[in-house]
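Asks: Pasting a structure here, questions to come.
FYI, it's all coordinate maths here, none of it is from the lab. In this text the structure is predicted, and so the values were computed from the model without any measurement. Glycine gets a Cβ as well: all are built from the backbone with ideal geometry, and neighbour counts include every protein chain shown.
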């Protein structure tokens, strides 16, 4: 449904439900809703928004069609609708119009007074009206809270519960991570896992590639910098046995298996990983090595190549010296000339 059509339905709903609109005026937990088709079967894209009285909010996510009590989206054509969405934290009472499964209207949120009492009994206090509203939006149900609390996590509070629902930290996800051998109790770490894609399957794949990593920070860094099971496997197949920090450094500086293969063609096979990382830091590339080799230096040591790049011994510098008759200078002599400012 295009934006003009949604806006038209919103205006129509507002006009047809003027009484409700008047009742909503000034309420911080009332506003407009829109509903649109979703690519995910059994779900719709449902949005709640309001900009009245200087208060602004906008929430849009996938909601299960089964949650919309009184709404039949299978009907064709335009229909006036009144439906509710009941969650533990409260109920959304909605009116408006739907046309061929998409529409808009007005809503009012009715908080459940028992919710705060139940949450308090579970050890979660300080839930004000806005927090309860957010917990209803993200469906922080009492069942979910009880199951998460049973996992004995550190730093668990109402904000973390909401973040868990936003990012998909479920009891099953927590159990899966722990069963993979990663002993994590910090709530923030589980949120970071979900944000960066550290899943039980990823941990298992890394282990299958030959690296047993149980440090949560290392796993997060793996995902941030792109240390994949494929990379670990390739590095092992090349004859290396790097630790997690070395793999992360390789990715940060671009010492990839593909780049290592290019070096191998230049005659540099199985170079120490620290030197490979130094190659990337200082610009010792396959092209640089090839140019140096063409100038008569068939196989400089890795440390010599690094020193050349650090001190500016470029192929152009070497060519200029050779054009002046200095053709038998060693690499160490070339570096010494640059250090002393001789061009």
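Asks: Which value at 222 nm does the chain reach when only helices count, each DSSP H run of 4 or more adding -39,500 (n - 2.57), with the total divided by all residues and rounded to the nearest 500 deg cm²/dmol? The partial results should precede the final answer.
Replies: Working: 18 runs with 170 residues, N = 343.
Taken over the chain, the calculation gives -14000 deg cm²/dmol.
Asks: Then there is this: Within 10 Å, count the other beta carbons around each residue, average over each peptide in 71-77, 254-260, and list them highest first.
Replies: Highest mean packing first, the order is 254-260, 71-77.
Asks: Shifting gears a bit: In the range 160-303, what is the volume of the convex hull around the alpha carbon atoms, normalised per residue and reported in Å³? Don't jump to the answer; show the numbers that get you there.
Replies: Values: hull volume 14.9 nm³, N = 144.
Per residue, the Cα convex hull of the range 160-303 comes to 103 Å³.
Asks: Please report the relative contact order for the chain, taking Cα pairs under 8 Å with a sequence separation of at least 6, and give it as a percent rounded to a whole number. Please report the intermediate quantities before stating the final value.
Replies: Details: 454 pairs, mean separation 29.4, N = 343.
Here the relative contact order equals 9 percent.
Asks: Taking only the C-alpha atoms, wrap a convex hull around the chain and report its volume per residue in Å³ as a whole number. Mind dumping the intermediate values first?
Replies: On the way: hull volume 76.4 nm³, N = 343.
Per-residue hull volume (Cα only) is 223 Å³.
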